[in-house]
Amino acid sequence: ASLDALDAATGDIVWSWTPTSEQGDSFFRNVVVTNNLVFASTDKAIFAINLATRAVAWTYPKPGAVSIIADRTLLITEGGKETTGRVIAIGLK
């Protein structure tokens, strides 16, 4: 499985990121894109991928659905296929 960035006009793949087997075997939940990062969850962790370098900037060791609220806080509703009911808040710079 890979995370693909597409050209809006053509639909062509501009770049891709594929997790290693240690990073996860499949993607779960949603993807959130900011000015400089894309947040995606595999079955093992959340990944913040730098849009300029296409490298992993940082990870959080639990999978889940992601959202960003107005005060620049990343919210993770923990869980891969099913939620655990736990919400994690991470302050973004």
Roughly how many percent of the accessible protein surface of the chain is carbon and sulfur, given a 1.4 Å probe and a whole-percent answer?
52 percent
Which one is right for this structure if Cα extents along the principal axes in Å is calculated from it: [x] 43, 26, 19; [y] 65, 38, 17; [z] 39, 31, 21?
[z]
Ranking by accessible area, most exposed first, for Ser2, Ser21 with a 1.4 Å probe
Ser21, Ser2
For the chain, give the magnitude of the charge dipole about the Cα centre (Cβ charges: +1 Lys/Arg, -1 Asp/Glu; no others), in debye to the nearest 20.
340 debye
Setting aside same-chain residues fewer than 8 positions from Lys93, which aspartates and glutamates have a Cα under 14 Å from its Cα?
Asp71
Taking the mean number of other Cβ atoms within 10 Å as a proxy for protection, how do you rank 26-32, 4-10 from highest to lowest?
26-32, 4-10
Dipole of the chain [Lys/Arg +1, Asp/Glu -1 at C-beta], most positive-end residue of Ile76, Thr53, Val14
Ile76
Plugging the Cβ-Cβ distance of Ser21 and Asn50 into 1/(1 + (r/R0)^6) at R0 = 22 Å yields, to the nearest 0.05, a FRET efficiency of 0.50
Using a Cα-Cα cut-off of under 18 Å, which lysines could be cross-linked to Lys44, ignoring same-chain neighbours fewer than 8 residues away?
Lys62, Lys81
Solvent-accessible heavy-atom area per residue, rounded to whole Å², over the chain at 1.4 Å:
59 Å²
Whole-Hz couplings from phi, Karplus 6.51/-1.76/1.60, listed for segment 62-77; x for Gly and Pro
9, x, x, 7, 10, 8, 10, 9, 4, 8, 6, 10, 8, 9, 10, 8
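The values are calculated or read from the model by the stated rules, or taken from the named source; none is laboratory data. If you're wondering where the values come from, they're calculated on a predicted model, not measured in any experiment. Please note: Cβ atoms are built from the backbone with ideal geometry, for glycine as well, and neighbour counts cover all protein chains shown. With ligands, DNA and RNA removed, areas are computed over all heavy atoms of the protein, side chains included. Shrake-Rupley method; radii C 1.70, N 1.55, O 1.52, S 1.80 Å.
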